[in-house]
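Student: The following block contains the structure, expressed as structure tokens.
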Amino acid sequence: MWRIVRRLAKDSAIYGAANAATAVLAVLLVPLYTHKLTASEFGRYSLVVMIYSLLSVLADCGMTNGVARYYFDEAQTGDPNTATVYRKSLVTTALVTTACISLLLSLACYWLADFVSWHAFGASTYGPLLRIVGVTLLFRGFTTAPMIYLRVTGRAVAYGLLSVLQVTVFLGFTLLLVLVLDWGVPGILYSQLIATAGWAVCAVVAIARDLSVGPRVRIAKDLLRFGLPFLPALPLMWVVDVSDRYLLERYVSTHEVGLYSLGYRFGQVMVLLVTAVTLAWPPLSYRILGEANAETIYSRITSLYMAGAGLLWLGLSLFSREMVVLLSPEEFHAAAIYIPPVAFGYLLYGLYVLSVTGLGVAKRIGPLSWVTLVAGIVNVGLNMWLIPRLGALVAAYTTIIAYAILAGGCLLVSQQFYRIPYRYREWAVLLVGMIALCALPTLLPAMSWLASVLLRLGLLTAYLGLVFFSGVVRRDEMLVLAGALSEPAPRTPPVSASSRS
């Protein structure tokens, strides 16, 4: 059990370090964005990024899940040489397939940019920005297969270095084009284009030695057969995650979109933990299948995630106001109210990723689309009904509702195909406890700044006590885990090695 936890913890730590660079970048760019762009301009940038994120999801076409599943499944039989050839052909086929899909979507985005600008946003100003997005998408398609392949082969360090490189290049060109040359929103998008192009070249070079075997039609069919059932769910996930910004622009204002997006940017610090775990989890979850007590391991890891994510959410929520005031001018201070619900939504997103484990190991992805469809309909419906009446803040809370439906629905469906003994009582204690601790300062009378800070630090300490009280982590387990983490973690051999089978 703790050998698996050690592997997840160390891989997550590496991915987390790479994501920390992204999180630090997000924070470092806040003063630049908020001083060089108005709230309306920042809102316009957020809407264009919304389109890019949707097209990136479609370009993936479920390929990420397919590569992870077949790497640990189809290549388990046969002699080592056959397994090596299969895995090389797997990554080559995935690379060619995603590149072709991205090319088609890139051309569509480029040529339909003005049409989308007028009909989706009612203005011509988005057309040139969408054309930059179209070119960026072409390069983005060359990163999908290499990055998932680095994850499934255990090359987390290479994955992290590539991620940090992309972030560093983006930061450098953003400073040049936005701060020095004052290009505004186009400067940010051109920086993203340059960083993505460099990322694509380096990613392909990183796995070049594994591309010596040509693509196979049969493997492409297998990947698409497994991945395409994800396709309806992927854009629906996009609807849950970012469609609220479009509806805010329709029903409120671009200025409010800017405030909401800034709150999201701070709330995305939660991604530091969530993405680290979700990047390490899919390959490891399939590897765990070979363990005798796989179901118990799945359950314990989910409880540990809830404990760690709860601590990070509580810290973000308690100090949200200070973060925004420190890093942005007064025009943006109202964004602080969005941070707690946004971060809580990401906490539930991580639980959703862990909850689909049973569907993945059972290869029964179809029900995922129905659960996501319900969550998407509820999210959009509530936003259309409530935003005009209650304002922008409701959009953050409807996102929480949508992710709760996703996590709960996937847990319910997944348990029918592959039962995992989740510890729901522990989850309930942690969720109720973290929300109560977060609400406590609002119920107390006003106090000095120092007393307020000390109180909130005390609440974080109280949450750690709650983690032990709930039984998520026990003292003897902490000692075992500390010993496990001090041991060197095994590394997956390179694909060309005959032992990789």
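Student: Which condition from (1) closer than 21 Å to Leu189 by Cα; (2) touching a Lys or Arg at 6+ places or on another chain (Cβ under 6 Å) is the one that Thr93 breaks?
Tutor: Result: Thr93 fails condition (1) only.
Rundown of residues vs (1) in the same structural domain as Phe142 (by TED's automatic domain parsing); (2) closer than 22 Å to Tyr126 by Cβ; (3) out of contact with any His (no Cβ under 6 Å at 6 or more places or on another chain); (4) at pLDDT 90 or above, yes/no style:
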{"site": "Tyr159", "(1), (2), (3), (4)": "yes, no, yes, no"}
{"site": "Val169", "(1), (2), (3), (4)": "yes, no, yes, yes"}
{"site": "Pro186", "(1), (2), (3), (4)": "yes, yes, yes, yes"}
{"site": "Gln192", "(1), (2), (3), (4)": "yes, yes, yes, yes"}
{"site": "Ala200", "(1), (2), (3), (4)": "yes, no, yes, yes"}
{"site": "Ala208", "(1), (2), (3), (4)": "yes, no, yes, yes"}
{"site": "Val217", "(1), (2), (3), (4)": "yes, no, yes, no"}
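For every residue, the table says whether it meets (1) assigned to a helix (DSSP H, G or I); (2) on the phi > 0 side of the Ramachandran plot; (3) at pLDDT 75 or above; (4) aliphatic (A, V, I, L, M).
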| residue | (1), (2), (3), (4) |
| --- | --- |
| Arg7 | yes, no, no, no |
| Ala18 | yes, no, no, yes |
| Leu32 | yes, no, no, yes |
| Ser40 | yes, no, yes, no |
| Met50 | yes, no, yes, yes |
| Thr82 | yes, no, yes, no |
| Tyr86 | yes, no, yes, no |
| Tyr110 | yes, no, yes, no |
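Student: Let me confirm something: among Met478, Met434, which residue is among the aliphatic types (A, V, I, L, M) and modelled with pLDDT of 90 or more?
Tutor: On inspection, the qualifying residue turns out to be Met434.
Student: Using beta carbons and a limit of 7 Å, which pairs, at least six apart or on different chains, have the first residue in the stretch 339-354 and in contact (Cβ under 8 Å) with a residue 40 or more places away in the chain and at positive phi and the second one buried (at least 24 other Cβ atoms within 10 Å of the Cβ) and basic (Lys, Arg)?
Tutor: none
Student: Give me a count of the residues in the stretch 145-192 that are closer than 21 Å to Ser46 by Cβ and outside any helix (DSSP H, G or I).
Tutor: Of the residues in the stretch 145-192, 3 are closer than 21 Å to Ser46 by Cβ and outside any helix (DSSP H, G or I).
Student: Within the group Leu247, Leu311, which residue is more than 18 Å from the chain's Cα centre (by Cα), at pLDDT 80 or above and more than 30 Å from Arg44 (Cα to Cα)?
Tutor: It is Leu311.
Student: If the requirement is being of a type outside the set (D, E, K, R), closer than 30 Å to Phe226 by Cα, crowded, with 24+ Cβ neighbours inside 10 Å and at pLDDT below 80, which of these qualifies: Leu289, Leu284, Leu359, Leu279?
Tutor: Leu279 is the lone residue from the list that is of a type outside the set (D, E, K, R), closer than 30 Å to Phe226 by Cα, crowded, with 24+ Cβ neighbours inside 10 Å and at pLDDT below 80.
Student: Taking the conditions exactly as written (touching a Cys at 6+ places or on another chain (Cβ under 9 Å) and crowded, with 23+ Cβ neighbours inside 10 Å), does Leu223 satisfy them or not?
Tutor: The answer is yes for Leu223.
Student: Take Leu130 and tell me if it is closer than 22 Å to Ser53 by Cβ, surrounded by fewer than 21 Cβ atoms within 10 Å (Cβ to Cβ) and assigned by TED's automatic domain parsing to the domain that holds Tyr86.
Tutor: No.
Student: Also: In the stretch 378-428, which residues are buried (at least 20 other Cβ atoms within 10 Å of the Cβ) and over 25 Å from the mean Cα position of the chain (by Cα)?
Tutor: Once the filter is applied, which keeps residues that are buried (at least 20 other Cβ atoms within 10 Å of the Cβ) and over 25 Å from the mean Cα position of the chain (by Cα), the stretch 378-428 yields only Ile387.
Student: Which numbered condition in (1) of a type in the set (S, T, N, Q); (2) under 30 Å from Leu373 (Cα atoms); (3) not in a helix (DSSP H, G or I) is the only one that Ser212 fails?
Tutor: Here Ser212 clears every test but (2).
Student: Here is a check on your reading of the model: is Val324 closer than 13 Å to Met270 by Cβ and of a type in the set (Val, Ile, Thr)?
Tutor: no
The values are calculated or read from the model by the stated rules, or taken from the named source; none is laboratory data. Just so we're clear, the structure is a prediction, and the values are computed from it rather than from any experiment. FYI the Cβ positions are ideal-geometry reconstructions off the backbone, even for glycines, and counts take in every protein chain you see.
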